[in-house]
1. Work out how much length residue 90 to residue 55 would gain on full extension: take 0.36 nm times their residue separation and subtract the Cα-Cα distance, in nm to one decimal.
2. Compare the peptides 30-41, 45-56 by average per-residue count of other Cβ atoms within 10 angstrom and give them in order, highest first.
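Taken together, the values in this text are just the output of simple stated rules run on the coordinates, not laboratory data. Quick caveat: nothing in here was measured; it's all calculated off a predicted structure. Because the Cβ atoms are built from the backbone with ideal geometry, glycine has one as well, and the counts that use them run over all protein chains shown.
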């Protein structure tokens, strides 16, 4: 009944699997514990990857917002300057 690393027949079954396996040999316990720890590490890496992606998305969104604000200010300034020049020509 030895499980290789990550060879659980069902996803997310390690806690119940470990509880139901009280009559195992020491080697089987080590393999099961190793598989469980690998599962925990994999879930942690998934969560970390998700946070990294979310953070990159937030940074990109903020950069876009700042760039849009800067462009808007530049266009307003340019428009104001053009309007003042046109008024000066009309006088």
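1. Details: separation 35, 0.36 × 35 = 12.60 nm, distance 5.26 nm.
Net length gain for the segment: 7.3 nm.
2. Going from most to least packed, we get 30-41, 45-56.
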